[in-house]
Every structure is written in structure tokens, then in C-alpha cells.
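The values are calculated or read from the model by the stated rules, or taken from the named source; none is laboratory data. Since the model is a prediction, treat every value here as computed from it, not as a measurement. Here the Cβ positions follow ideal geometry from the backbone for every residue, glycine too, while neighbour counts run over all protein chains shown.
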Amino acid sequence: MIYTENSQYIVKFYINTGSGTSPVSAFIEGLSINHQAKVLKYIDFLRQHQGVLDEPYSKHIKGKLRELRVDFGRNNYRFFYFTFIRQTIVVLHAFSKRTPRTPLSEIKIAEERYQNAINHPSYYV
């Protein structure tokens, strides 16, 4: 399929196939209203730019995994995502970053969710 310039990307949050819940949605809902607004603004910015943002907004992590960076004062939020079929950006994992380096345990969660997402494409298309 060839995509035109006018094609719209969409953003979907990871869904746990066992429980049917979205841990990313729950994370965002747990933030203050101001923080939620900024996070959603950055996610929409990511969508508008077809999943491709340069640093400092986004960073390549590993393979197809990328990290969206949202900083709000001393609060640093990170969202792992990848671009999926049919112009879909899937946000896999979200966490509050408290250390200079991204913890490997957070990357591992994103990698596991990535595998789950590509094995269950019907949740995202």
C-alpha cells in the first residue's frame, strides 16, 4: 500500500491481551491534569510527525523501539513506542524516569509488550 501525504497516522495504547486493560492509559490517567495535557500534546505531536521525532523529543532505543520523552520540571516521563502496520503508532510502556540512564527492566517490559503486540495485530489495526 502506498501512503499519501494526507494519510493520517493514529496512536493506540498497548492492550494487555490477558486482562484487556491498557497500562499506558492507566499511567496517563494517574498524572495530574497539567501533566496529562502535556503528555497527550507530545503524543499528538508524535502522530502528526508520523512517529518520527528527533532528539530531544524522541530517541531510538533498540530495534523498532523508540522512546518519547516528556519532561515537566523534575518529572521525566518516558513512553516506549513503535510504528506498526497501517500507519499505527503503538505506545507500549510508560514510566517515570528517576535515573540518568533508562533502566534495563523498563526496556525489557517494552520488548515483551512489543512481542505481544506483533503477535496480536488485531488489537491495533
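Entry remark, segment 5-29: residues being farther than 20 Å from ALA117 by Cβ and assigned to a helix (DSSP H, G or I) number 1 in total. Being under 25 Å from LYS41 (Cβ atoms), assigned to a strand (DSSP E or B) and either of a type outside the set (S, T, N, Q) or out of contact with any strand residue (DSSP E or B) (no Cβ under 8 Å at 6 or more places or on another chain) (or both) is a condition met by at least one residue of segment 95-104. Scoring ILE85 on the criteria (1) out of contact with any Pro (no Cβ under 9 Å at 6 or more places or on another chain); (2) in contact (Cβ under 8 Å) with a residue 12 or more places away in the chain; (3) surrounded by fewer than 16 Cβ atoms within 10 Å (Cβ to Cβ); (4) not small (Gly, Ala, Ser) leaves a single failure, condition (1). Among the residues of this structure, LEU65 counts as one that is of a type in the set (A, V, I, L, M, F, W, C), surrounded by 15 or more Cβ atoms within 10 Å (Cβ to Cβ), touching a residue at least 24 places away in the same chain (Cβ under 8 Å) and in contact with an Asp or Glu (Cβ under 8 Å, 6 or more places away or on another chain). Evaluated against (1) out of contact with any strand residue (DSSP E or B) (no Cβ under 6 Å at 6 or more places or on another chain); (2) at pLDDT below 95; (3) charged (D, E, K, R), GLU29 falls short on exactly one condition, (2). Residues of segment 101-116 that are within 13 Å of ASN16 (Cβ to Cβ) and of a type in the set (Asp, Glu): GLU112 alone.
With respect to the conditions (1) free of Cβ contacts under 8 Å to residues at least 60 places away in the same chain; (2) assigned to a helix (DSSP H, G or I); (3) among the charged types (D, E, K, R), ARG113 falls short on a single one, namely (1).
Restricting attention to segment 69-81, does a residue exist that is among the β-branched types (Val, Ile, Thr), at negative phi and surrounded by fewer than 18 Cβ atoms within 10 Å (Cβ to Cβ)? No; the residues of segment 69-81 include none that is among the β-branched types (Val, Ile, Thr), at negative phi and surrounded by fewer than 18 Cβ atoms within 10 Å (Cβ to Cβ).
If the requirement is being without any contact (Cβ under 8 Å) to a residue 12 or more places away in the chain and either over 12 Å from the mean Cα position of the chain (by Cα) or over 12 Å from TYR14 (Cα atoms) (or both), which of these qualifies: SER122, SER58? Before the answer, list the steps.
On the way: SER58 fails: without any contact (Cβ under 8 Å) to a residue 12 or more places away in the chain.
Answer to the selection: SER122.
Residues of segment 1-20 being surrounded by fewer than 11 Cβ atoms within 10 Å (Cβ to Cβ) and either modelled with pLDDT of 90 or more or in contact with a Pro (Cβ under 8 Å, 6 or more places away or on another chain) (or both), which ones? Passing the criteria: SER19, GLY20.
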